[in-house]
1. With charges only on Cβ, +1 for K and R and -1 for D and E, what is the dipole size of the chain about its Cα centre, in debye, rounded to 20?
2. Given springs between every Cα pair under 10 Å in a Gaussian network model of the chain, which of L148, L64, L178 has the largest fluctuation?
3. Give the angle, between 0 and 90 degrees and rounded to the nearest 10, that separates the Cα long axis of helix 121-135 from the longest principal axis of the Cα atoms of the chain.
4. Stick to the Cα atoms of the chain, pair each with every other, and give me the Kirkwood hydrodynamic radius in Å at one decimal.
5. From Cα pairs below 8 angstrom and at least 6 apart in sequence, can you work out the relative contact order of the stretch 1-100, rounded to a whole percent?
6. With a 1.4 Å probe and all protein chains left in place, how much of the accessible area of the stretch 1-126 comes from carbon and sulfur atoms, in whole percent?
7. Report, please, the projected area of the stretch 26-70 averaged over directions, based on the convex hull of its C-alpha atoms, in nm².
8. With only Lys, Arg, Asp and Glu charged, each at its Cβ (+1 for the first two, -1 for the last two), find how big the charge dipole of the stretch 20-110 is about the Cα centre; round to the nearest 20 debye.
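The values are calculated or read from the model by the stated rules, or taken from the named source; none is laboratory data. Remember, predicted model here, so these are calculated numbers, not experimental data. In this analysis, Cβ positions are derived from the backbone assuming ideal geometry, glycine residues included, and neighbour counts consider all displayed protein chains. What goes into the accessible areas is simple: the full protein's heavy atoms, side chains included, and nothing from ligands, DNA or RNA. Shrake-Rupley method; radii C 1.70, N 1.55, O 1.52, S 1.80 Å.
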Amino acid sequence: ALLVNLGTLDPTRVAAIAIAFEVARADKTPIVLDPVFVDRSPVRAVRARKLVAERPTIVKGNALEMAALMGEDVTPDRVAAWTLRHVDTVAVTGEIDLVTSGSARASIANGHPLATRVTAMGCAAGALIAAFAAVAEAPFVATTAALLVAGIAGDMAAETARGPGSFQPAFLDALATLTPDMLMARARLT
């Protein structure tokens with residue numbers, strides 16, 4: 001899969017993104033767009049909208065990023081309608097993650113507030129989505145599974161973390177030790 005994260009956007013990366021999109025589309029490779037900080041940067045918002053026009057497979061952003069990208073308030077119905085017009089699957093991350101393909105929806109209540117205090121945890125979630133999209137046939141299933149894994153790993157990390165500094169390595173350890181039984185026991189998915 002191709003993950004395009006707009007966290008660092010300069011002319012060289014903009015050119016590389018265009019090439020990567022072209023190659024991924026030609027190879028039918030899933031494309032995940034993470035519109036980082038489009039709510040804070042008009043330049044990023046313009047770039048993200050141009051990339052959405054090229055129909056990436058999955059878009060993942062928090063509620064502020066998605067509202068800026070969509071040009072309207074984020075509600076489950078509005079996100080579903082926007083998804084149907086623009087991409088296969090959208091994930092809106094937050095206290096409860098929303099994943100939609102337009103017709104199907106999932107809500108994931110796993111995760112811990114400490115994750116919001118660690119730089120690049122959202123980027124890690126984007127990377128997990130891309131990894132899952134590389135092996136799953138359905139982008140909706142890949143996105144839902146990836147965010148569920150990230151949320152459960154966050155729950156597990158919070159059990160031993162003393163703060164944001166110890167949360168990140170505990171999160172990585174939790175990812176490495178997750179089992180299917182742990183996922184089933186801990187999932188808060190509707």
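1. Numbers: 17 positive and 18 negative charges, 74 e Å.
Approximately 360 debye in magnitude.
2. Comparing L148, L64, L178 in a Gaussian network model of the chain, the most mobile one is L178.
3. 80
4. Numbers: mean 1/r = 0.0600 Å⁻¹.
When all Cα pairs of the chain are included, the Kirkwood radius is 16.7 Å.
5. Details: 143 pairs, mean separation 23.9, N = 100.
Result for the stretch 1-100 is 24 percent.
6. Numbers: 3470 of 6180 Å².
For the stretch 1-126, the apolar C and S fraction of the accessible surface comes to 56 percent.
7. Values: hull surface 11.8 nm².
Average of the hull's projected areas for the stretch 26-70 equals 3.0 nm².
8. Numbers: 12 positive and 12 negative charges, 61 e Å.
Computed about the Cα centre, the dipole is about 300 debye.
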